[in-house]
């Protein structure tokens with residue numbers, strides 16, 4: 001509870017600070033607010049408190065809240081000079097991101113499906129505005145409209161699903177729904193379409209195929225920093241919500257929903273990877289690769305083990321930090337070169353060896369090379385589905401991972417092996433801090449993952 | 001146990017120091033590699049040549065997943081560890097006549113790779129083995145792709161994807177074994193004790209075998225190799241051919257044979273046939289090569305094919321032969337590539353027909369080159385002879401026809417190698433080679449060291465045979481025992 005209250009209050013304070021044109025105070029205020037929220041997260045650890053029957057801050061919720069807050073914090077550090085160049089009213093950005101974060105905290109800790117819906121909407125509405133915040137930019141407007149239409153559509157699915165489940169069980173409460181599934185002799189026939197509709201709605205939100213069509217355009221059109229936010233923190237929260245429902249309340253019905261989920265996973269992996277391969281633009285490539293990562297993340301639901309939730313946490317953490325590095329470098333490159341094609345990364349290693357090294361670590365992690373966090377994440381996912389010996393699925397995933405090497409290495413190739421313009425990137429201190437912190441986390445989780453393996 | 005940790009991580013420390021050493025990276029990395037060699041020799045002196053695993057380290061690493069930092073050295077490991085730590089300083093010294101741009105990164109990557117290789121050769125935990133396997137691949141990819149020659153980006157991408165494809169399927173096999181392991185860990189002894197049925201063993205066999213076959217490489221998984229060897233910088237080629245392909249051979253001996261003996265029993269014949277096809281095929285292609293570096297690359301496939309056939313023949317002679325030949329092949333092939341590098345650095349070509357008469361102007365190079373070539377073609381009295389003789393004996397015990405065809409490698413090898421030597425070194429000097437200068441400085445040091453090793457090991461191979469004998473014996477007994485219980 002404290003976490004949401006802190007974040008919301010910070011959002012309001014920042015909004016008022018914006019009114020008084022105290023632009024310099026925005027970042028410090030936000031950072032203090034988020035650190036306080038992070039502090040509350042640590043304090044509530046192992047508390048497992050239930051708040052008014054609507055939210056439950058168990059360790060699952062707290063761990064994902066923690067990742068979302070840290071991710072947002074790092075993204076805020078990247079705002080240095082970024083929004084200033086784009087708009088006068090930068091307080092808007094800060095406030096909206098903070099509201100979105102508050103929504104996500106609800107999504108990761110809901111106990112009642114009403115809260116899931118409220119949290120999801122708070123987050124989504126903020127994001128619709130953020131995607132279109134460059135009012136005069138055509139691509140940004142397109143992104144916003146697309147995102148809004150698709151988002152509204154998927155919310156419809158979700159809501160319809162919730163309604164049907166309510167109709168069958170008479171409750172929004174996760175525990176009661178689970179009790180219904182376990183105890184009743186016959187399950188009402190309207191429960192099943194409810195499950196499928198909720199799965200479709202949530203798949204939209206996390207950008208899993210075949211409900212992924214909005215992602216590339218929205219990611220490309222939105223301002224890069226907002227894209228960073230959407231493809232990392234938002235995605236993580238979406239998966240937490242997915243997991244909370246399906247690995248928790250709906251787990252007894254696993255046999256029923258695993259088949260459609262399997263279709264979604266295979267399509268997501270295949271479409272994400274294969275289309276990423278043909279992109280000429282780094283940002284679009286990251287958008288498609290984020291689709292493929294959604295596929296790997298869903299592995300944890302195909303076989304439910306006691307580690308499923310923790311596996312998602314590890315994978316999401318690995319993916320979030322690596323993506324933040326990738327986008328941070330992308331922003332720097334775009335500021336200097338004016339383009340985000342692969343060619344604009346040419347020769348980066350000669351000009352800025354440190355930045356190139358950071359991006360290399362990020363790419364290796366996304367590709368899943370040992371000694372990086374991404375490998376541990378992939379390994380856990382493979383291990384998870386191998387417990388039921390779904391070897392064909394793993395073999396399919398391996399083939400996809402191989403495709404992944406091609407497009408992730410394209411950036412590495414451009415940076416290290418090709419010659420490019422001689423202009424050096426100028427990285428502000430905050431960027432360097434974010435890059436180094438993220439690289440450190442990626443390597444630490446890769447070399448000694450034991451610290452995060454038993455969190456939940 | 002401290003000695004083993006020091007042995008594994010000294011190169012890593014060296015890599016980090018070298019990365020920040022700037023212009024003196026060459027010297028710093030040389031010092032670290034020589035100290036590593038010294039350390040390996042100390043360990044070898046303290047090593048008792050019996051079947052036991054010595055200098056064992058077993059530290060919890062990722063305890064929740066059953067992953068331990070479990071490493072140790074037996075006779076088989078000792079041999080490849082020695083090979084690695086012997087070749088790395090030689091390889092670094094062989095780069096003294098080059099000025100690579102960004103030397104700090106270059107030498108740091110070599111030492112980093114050494115650390116990965118040592119992990120592979122000492123790991124007794126399958127997960128650790130896998131980590132080392134990949135940790136050795138990343139640096140060599142960068143070495144070849146940054147400092148390589150023409151078309152290096154495409155060629156190395158192929159190499160990288162090829163090898164990692166194999167290793168990912170191996171990872172799948174490792175996970176499978178882990179899940180069948182009642183103690184839920186990756187320990188090699190626990191894997192040895194697993195009771196899998198024939199079909200399961202067959203699948204695991206292929207999951208591992210493809211990874212190892214790509215690394216060695218065995219026909220038909222070899223297509224990445226000639227291009228990669230040719231496009232890589234010479235030190236990269238040496239690392240690949242001298243040490244890295246031993247990872248595949250070592251993997252077969254350490255992991256494949258003892259874990260899935262029934263799988264090897266069922267499919268070993270396929271492996272032998274592929275190896276023998278590879279021998280003949282690579283030899284025939286080597287005949288037609290115009291570029292000396294490519295010729296050596298193909299000859300390497302032929303030699304490795306024989307080693308692999310000897311291992312899958314699965315008897316004492318074949319195994320021991322493989323041991324000796326791993327060492328000899330490492331030394332010889334590094335020597336060959338170094339000589340070609342020296343020639344290339346002088347006349348900027350490795351095309352056989354453009355060269356000739358170098359022996360007249362560079363007698364020392366001609367002599368050392370001759371010794372290395374003779375070692376490669378397995379002349380009695382050189383190190384190559386012992387290995388190939390034992391290997392052929394092993395294959396002969398397996399089947400006469402197999403041995404007859406595999407034996408062609410010696411005849412073919414002698415023909416194309418000596419013809420290459422003749423065309424490059426003998427005859428009349430031409431306008432290109434007339435100004436050729438003889439070897440000097442570190443070139444002399446490296447080549448004379450290699451020649452000395454070739455002759456010493458050829459005349460007196462007993463220490464090597466003695467080192468590995470007990471471990472090989474133990475391995476054979478262990479596997480046969482397990483085979484009997486399965487049947």
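The values are calculated or read from the model by the stated rules, or taken from the named source; none is laboratory data. Just so you know, these numbers come straight off a predicted model, no measurement behind them. Quick reminder, even Gly has a Cβ in these numbers, built from the backbone with ideal geometry, and neighbours come from all protein chains shown.
Got at least one residue in the range A:194-217 being part of a helix (DSSP H, G or I), at pLDDT 90 or above and surrounded by fewer than 18 Cβ atoms within 10 Å (Cβ to Cβ)? Checked against the condition, which is being part of a helix (DSSP H, G or I), at pLDDT 90 or above and surrounded by fewer than 18 Cβ atoms within 10 Å (Cβ to Cβ), the range A:194-217 yields at least one hit. In the range B:180-216, the residue that is modelled with the highest pLDDT out of those that are closer than 20 Å to residue B:263 by Cα and part of a loop (DSSP other than H, G, I, E, B) is B:186. Checking each residue in the range A:437-456 for being assigned to a helix (DSSP H, G or I) and either within 14 Å of chain B (Cβ to nearest Cβ) or free of Cβ contacts under 8 Å to residues at least 40 places away in the same chain (or both) picks out A:440, A:443, A:444, A:445, A:446, A:447, A:450, A:451, A:452, A:453.
In the range A:404-426, the residue that is nearest to residue B:208 (Cα to Cα) out of those that are buried (at least 18 other Cβ atoms within 10 Å of the Cβ) and more than 7 Å from chain B (Cβ to nearest Cβ) is A:404. Would you call residue A:137 out of contact with any helix residue (DSSP H, G or I) (no Cβ under 7 Å at 6 or more places or on another chain) and at pLDDT 90 or above? Criteria not met by residue A:137.
Counting only helices (runs of 4 or more DSSP H) wholly contained in the range B:377-487, the ones carrying 3 or more residues that are within 30 Å of residue B:273 (Cβ to Cβ) occupy B:383-398, B:400-425, B:462-486. Among the residues of the range B:68-82, not a single one is within 14 Å of chain A (Cβ to nearest Cβ), assigned to a strand (DSSP E or B) and surrounded by fewer than 18 Cβ atoms within 10 Å (Cβ to Cβ). When A:372, A:360 are checked against the criterion of being without any contact (Cβ under 8 Å) to a residue 60 or more places away in the chain, within 11 Å of another protein chain (Cβ to nearest Cβ) and within 25 Å of the chain's Cα centre (by Cα), A:360 stands alone in meeting it. For residue A:327, the test of being in contact (Cβ under 8 Å) with a residue 24 or more places away in the chain, crowded, with 22+ Cβ neighbours inside 10 Å and within 14 Å of chain B (Cβ to nearest Cβ) is failed.
Only residues that are part of a helix (DSSP H, G or I) and within 7 Å of chain B (Cβ to nearest Cβ) were counted in the range A:375-390, giving 3.
Residues in the range B:95-110 that are under 30 Å from residue B:57 (Cα atoms) and more than 16 Å from the chain's Cα centre (by Cα): B:107, B:108, B:109. Checking B:88, B:17, B:42 one by one, the residue that is more than 14 Å from chain A (Cβ to nearest Cβ) and over 25 Å from the mean Cα position of the chain (by Cα) is B:17 and no other. Scanning the range B:98-131 for residues that are within 14 Å of chain A (Cβ to nearest Cβ), outside any helix (DSSP H, G or I) and under 29 Å from residue B:45 (Cα atoms) yields B:123, B:125. Can you go through B:40, B:44, B:63, B:51 and tell me which one is more than 26 Å from residue B:471 (Cβ to Cβ) and either crowded, with 18+ Cβ neighbours inside 10 Å or in contact with a helix residue (DSSP H, G or I) (Cβ under 7 Å, 6 or more places away or on another chain) (or both)? Exactly one of B:40, B:44, B:63, B:51 is more than 26 Å from residue B:471 (Cβ to Cβ) and either crowded, with 18+ Cβ neighbours inside 10 Å or in contact with a helix residue (DSSP H, G or I) (Cβ under 7 Å, 6 or more places away or on another chain) (or both), namely B:63. Scan the range B:155-180 for residues that are more than 8 Å from chain A (Cβ to nearest Cβ), touching a residue at least 40 places away in the same chain (Cβ under 8 Å) and touching a helix residue (DSSP H, G or I) at 6+ places or on another chain (Cβ under 6 Å) and jot them down. If the condition is that a residue be more than 8 Å from chain A (Cβ to nearest Cβ), touching a residue at least 40 places away in the same chain (Cβ under 8 Å) and touching a helix residue (DSSP H, G or I) at 6+ places or on another chain (Cβ under 6 Å), then B:155, B:156, B:159, B:162, B:163, B:166, B:167, B:170, B:174, B:177 are the ones that fit. Considering (1) in contact (Cβ under 8 Å) with a residue 24 or more places away in the chain; (2) away from chain A (no Cβ under 12 Å); (3) within 23 Å of residue B:68 (Cα to Cα), the lone condition that residue B:95 does not fulfil carries the number (3).
Of all residues in the range A:129-145, those satisfying the criterion of being buried (at least 20 other Cβ atoms within 10 Å of the Cβ) and either in a helix (DSSP H, G or I) or touching a strand residue (DSSP E or B) at 6+ places or on another chain (Cβ under 9 Å) (or both) are A:130, A:131, A:140, A:143, A:144.
Within the set of pairs 6+ apart or on separate chains, which have a first residue in the range B:116-131 that is free of Cβ contacts under 8 Å to residues at least 40 places away in the same chain, a second that is assigned to a helix (DSSP H, G or I), and C-beta atoms under 6 Å apart? That search, which allows pairs on different chains as well, returns B:116/B:132; B:116/B:135; B:116/B:136.
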